[in-house]
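Before any comments, here is the structure.
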Amino acid sequence: MSSVILENVSKRFGQTQAADHVSFHVEPGEIFGLLGPNGAGKTTTIRMMLDIIRPDTGRVAIFGDAMTEEKKNRIGYLPEERGLYADQKLIDVILYLASLKGLDKKTAAANAETYLKQLDLWTHRDKKMSTLSRGMHQKAQFIVTVLHDPDLIIVDEPFSGLDPVNTELIRQMLLDLRDKGKAIIMSTHQMHQVEAMCDRIVLIHRGRVVLEGAVAAVRRQFAGNTVEIGGSGPFEQLSQVQLVEHHNNTWQLSLADGVTPNDLLRELAKNEDIYIEHFSLAMPSLNEIFIRIVGENQLDEQS
């Protein structure tokens, strides 16, 4: 059973179409990237999933059907806007919010201790939230999100304000939660994290889905007619290559029109002056694809 299903979901605020027939699904045991530029409709989409706002049209199913109060206790949400109680102690805030998710005191206290120690916040547990750094706030918010062992976890910019060490801690914790069967929706502008962590993605622009699929498949889809080669030899002399570039001990060969990577590979195999260590398609990064897709859609709207 899918953890989340959106079918042709739309939402308008006045003259703004915040979501326009958005459809996708999220499965248990995967990290799903919800991507898009600022103002694309990601937050509206998340709020419709959480039943904070209702769609004008379309269907939202959480754990198989409509949202209920019981299902809300199976969800953890880390919003981009932080809002923990500034004048309260860290441990009190965590335990209070855990109680709102139906966690008993003993379990909440045990889980809190585990997470606070794991994220190096245990010695700060009796400090007021207002005295903690931005990074500490972010880690505290993450603890609140996952303390009650939710089945669906939605994180919006989970690495905001974190140094590299704590970024890696949170990243690994999310991967561990995925491996335990949790469904995770991650919204972030850090495309390198999406590329490294997400199983599938959806890209929303101006309220519409403009790209969806497995990360590896999306990158293959946008791969041009260029190959990357590790090795040595007179690559510039190859008849099937129109442009040769050398970066960081890797050769990038742009193929002539009508030439396939297999054609080039056959030519390389016949050339005794060329030594090949590796041969692969030059795959674009998700950041490059993001910029390309958003840019093309903006041009289409202006034309």
When you scan region 197-211, do you find a residue that is more than 29 Å from residue 13 (Cβ to Cβ) and at pLDDT 95 or above, even just one?
yes
When you go through 289, 201 one by one, which is the residue that is surrounded by 16 or more Cβ atoms within 10 Å (Cβ to Cβ) and touching an Asp or Glu at 6+ places or on another chain (Cβ under 9 Å)?
201
If you go through region 25-49 one residue at a time, how many are under 19 Å from residue 294 (Cα atoms) and part of a strand (DSSP E or B)?
3
Restricting to region 171-196, count the residues that are farther than 20 Å from residue 25 by Cβ and among the aliphatic types (A, V, I, L, M).
4
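For (1) in a loop (DSSP other than H, G, I, E, B); (2) touching a Gly at 6+ places or on another chain (Cβ under 9 Å); (3) of a type outside the set (A, V, I, L, M); (4) under 25 Å from residue 290 (Cβ atoms), each residue gets a yes or a no:
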residue	(1), (2), (3), (4)
158	yes, no, yes, yes
161	yes, yes, yes, yes
181	yes, yes, yes, no
185	no, yes, no, yes
192	no, no, yes, yes
196	no, no, no, yes
Kindly indicate whether any position in region 187-195 is under 13 Å from the mean Cα position of the chain (by Cα) and surrounded by fewer than 13 Cβ atoms within 10 Å (Cβ to Cβ).
yes
Considering only residues of region 15-50 that are aliphatic (A, V, I, L, M) and either farther than 18 Å from residue 297 by Cβ or without any contact (Cβ under 8 Å) to a residue 40 or more places away in the chain (or both), which is surrounded by the fewest Cβ atoms within 10 Å (Cβ to Cβ)?
50
When only residues in region 212-241 that are at positive phi and assigned to a strand (DSSP E or B) count, which is modelled with the lowest pLDDT?
231
What number of residues within region 48-86 are at positive phi and either in contact with a helix residue (DSSP H, G or I) (Cβ under 8 Å, 6 or more places away or on another chain) or polar (S, T, N, Q) (or both)?
2
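The values are calculated or read from the model by the stated rules, or taken from the named source; none is laboratory data. Bear in mind that the values here come from a model prediction, so they are computed numbers and not experimental data. Note: ideal-geometry Cβ built from the backbone for every residue, glycine included; neighbour counts use all protein chains shown.
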